[in-house]
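> Please read through the structure below; I'll follow up with questions.
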Amino acid sequence: MKKVFLLICSLSIVFGLLPTTIVDAATVNPMTLLEKKFPRERVTVSKSVDLNGDKKKEHLLITNSGNFYLINSKGVIVLIDTNYYNEEEPTFHLLNISSKEKHVAITLDYLPSNTQLFVFKYQDGTLKKKLSIIGDVSINISKTGEIRQAWKNYFPEGGWDTAVAFYKWNSKKDKYIGSGELSR
């Protein structure tokens with residue numbers, strides 16, 4: 001019995017001295033957390049927002065190497081996508097689709113007038129890409145989450161006219177539905 005007691009005491013001391021691996025993302029600087037795990041990454045753009053309504057913030061980070069990361073409210077780092085770099089810094093937009101659903105949009109502006117847009121839905125602890133378009137005239141996002149894409153529709157004989165497409169979220173189909181003149 002004395003050996004069992006000594007074993008339990010020894011184990012409790014050892015486990016008491018070990019660092020815990022559970023991280024509360026709300027108390028840790030997300031940039032520090034990412035740079036600790038990936039020392040070569042430097043955060044260039046970040047945004048903290050509650051995506052799933054649990055009153056805890058998730059962190060969106062884009063690094064100088066063009067990687068897009070999500071750090072969820074439990075401190076888990078997830079690589080979402082790559083190739084998010086250009087001369088201008090990417091911009092995060094939050095789309096309030098409904099009281100229970102938010103989407104993350106990222107715009108990349110390429111001078112003189114091209115804009116690339118990626119839209120993600122927070123699902124199962126990560127972000128799933130739901131839309132990827134380029135507006136070589138412009139892209140606008142309304143407060144209701146509707147996306148307007150203006151692009152150059154070239155004529156076979158030369159020249160072009162502005163074509164406009166609209167994208168609206170359809171929760172039943174779990175995707176953005178386009179209308180108007182959709183780009184090819």
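The values are calculated or read from the model by the stated rules, or taken from the named source; none is laboratory data. Just so it is clear, the model here is predicted, and its values are computed rather than measured. Glycine gets a Cβ as well: all are built from the backbone with ideal geometry, and neighbour counts include every protein chain shown. Accessible surface areas use protein heavy atoms only, side chains included; no ligands, DNA or RNA. Shrake-Rupley method; radii C 1.70, N 1.55, O 1.52, S 1.80 Å.
> Would you point out the residue of the range 110-122, among those that are of a type outside the set (Gly, Ala, Ser) and either touching a Pro at 6+ places or on another chain (Cβ under 6 Å) or assigned to a loop (DSSP other than H, G, I, E, B) (or both), that is nearest to THR63 (Cα to Cα)? Walk me through it before giving the result.
We begin by selecting, within the range 110-122, every residue of a type outside the set (Gly, Ala, Ser); these are 110-112, 114-122.
Imposing the further condition that a residue be either touching a Pro at 6+ places or on another chain (Cβ under 6 Å) or assigned to a loop (DSSP other than H, G, I, E, B) (or both) reduces the set to 111-112.
Numbers: LEU111: 21, PRO112: 24 Å.
Filtering the range 110-122 for residues that are of a type outside the set (Gly, Ala, Ser) and either touching a Pro at 6+ places or on another chain (Cβ under 6 Å) or assigned to a loop (DSSP other than H, G, I, E, B) (or both), the one nearest to THR63 (Cα to Cα) comes out as LEU111.
> Is it the case that the range 146-167 has a residue that's out of contact with any Lys or Arg (no Cβ under 7 Å at 6 or more places or on another chain), at pLDDT 95 or above, under 25 Å from ASN52 (Cα atoms) and open to solvent by 30 Å² or more (accessible area, probe 1.4 Å)?
No, the range 146-167 has no match at all.
> Which of the following residues is open to solvent by 40 Å² or more (accessible area, probe 1.4 Å), farther than 18 Å from GLY66 by Cα and at pLDDT below 95: SER142, SER138?
On the way: SER138 fails: open to solvent by 40 Å² or more (accessible area, probe 1.4 Å).
One residue alone meets the criteria, SER142.
> Among the residues of the range 1-33, what is the count of those that are at pLDDT 60 or above and open to solvent by 60 Å² or more (accessible area, probe 1.4 Å)? Steps first, please.
Within the range 1-33, the first condition is being at pLDDT 60 or above, and the residues that meet it are 28-33.
The next check asks that each one be open to solvent by 60 Å² or more (accessible area, probe 1.4 Å); those that pass are 29, 31-32.
So the answer is 3.
> Find the residue count for the range 144-158, including only residues that are over 16 Å from ILE177 (Cα atoms) and touching a residue at least 24 places away in the same chain (Cβ under 8 Å).
Going through the range 144-158 one residue at a time, the tally reaches 2.
For every residue, the table says whether it meets (1) in a loop (DSSP other than H, G, I, E, B); (2) of a type outside the set (D, E, K, R); (3) on the phi < 0 side of the Ramachandran plot.
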| site | (1), (2), (3) |
| --- | --- |
| ALA150 | no, yes, yes |
| ASN153 | no, yes, yes |
| GLY158 | yes, yes, no |
| TYR167 | no, yes, yes |
| LYS172 | yes, no, yes |
| ILE177 | no, yes, yes |
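> What's the number of the only condition in (1) touching a Phe, Trp or Tyr at 6+ places or on another chain (Cβ under 6 Å); (2) open to solvent by 50 Å² or more (accessible area, probe 1.4 Å) that ASN64 fails to meet?
ASN64 satisfies every listed condition except (1).
> Looking only at the range 84-109, how many residues end up being over 23 Å from ASP54 (Cβ atoms) and assigned to a strand (DSSP E or B)? Even if it seems obvious, please write down each step before you answer.
At the first step, the residues of the range 84-109 found to be over 23 Å from ASP54 (Cβ atoms) are 84-91, 107-109.
Still in the running and assigned to a strand (DSSP E or B): 91, 107-109.
Residues in the range 84-109 being over 23 Å from ASP54 (Cβ atoms) and assigned to a strand (DSSP E or B): 4 in total.
> Now for a different question. Output the residues belonging to the range 34-60 that are under 12 Å from VAL104 (Cβ atoms) and buried (at least 19 other Cβ atoms within 10 Å of the Cβ).
LEU51, GLU58, HIS59, LEU60
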